[in-house]
Amino acid sequence: VDDLKAVVAKNTAMRQKEMIEAEILLHEETDSFCNWRESLAAIPTINQLQEKANLVREEELNKCTRKLSQNGEISDKEMEAVERLSRGIVNKLLHGPMSHLRSTDNSKDQQHAIKELSAMFRLQDDSNSRGRNNRKRR
């Protein structure tokens, strides 16, 4: 009977230890999930930033191709190279700001970063003017 009590006590202690470890793991995963969920708030800003950058890229690319085509024919291969170059430049320029938005640790910092980037790149102005332009066209 004493041996059985010792085995039960040992098993109880092991279960208690595993329960504590499980609770710690649960808290870590809950924190991780909450951080991931909060990071989703940056997605609209990231999308706006990419849209604006691509709009500027396309406008400048169109200007460039008009000027180049006045001077002579541009081959499809050359045009494709210029297109790839412009996309590469945009992607490299946006990498830092988008990484910063994704990597902020708490929602206050992320909201601050979102506001700062929106102000720097005038993202709200663009979405408002697009809305007005779309209404005018109808």
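The values are calculated or read from the model by the stated rules, or taken from the named source; none is laboratory data. Since the model is a prediction, treat every value here as computed from it, not as a measurement. Backbone-built Cβ (ideal geometry, glycine too); neighbour counts: all protein chains shown. Ligands, DNA and RNA are excluded from the accessible area calculation, which covers all protein heavy atoms including side chains. Shrake-Rupley method; radii C 1.70, N 1.55, O 1.52, S 1.80 Å.
Candidates are the residues of the range 48-87 that are over 29 Å from A119 (Cβ atoms) and basic (K, R); the one that is nearest to the chain's Cα centre (by Cα) is R84. A single member of P97, P44 is at pLDDT below 95 and touching a Leu at 6+ places or on another chain (Cβ under 6 Å), and it is P97. Of all residues in the range 122-137, those satisfying the criterion of being open to solvent by 70 Å² or more (accessible area, probe 1.4 Å) and either at pLDDT 80 or above or outside any helix (DSSP H, G or I) (or both) are R122, Q124. Among residues of the range 71-97 that are under 13 Å from E58 (Cα atoms), those with a Cβ under 6 angstrom from a residue that is among the basic types (K, R) and surrounded by 14 or more Cβ atoms within 10 Å (Cβ to Cβ), sequence gap 6+ or separate chain, pair up as S86/R57; V90/R57.
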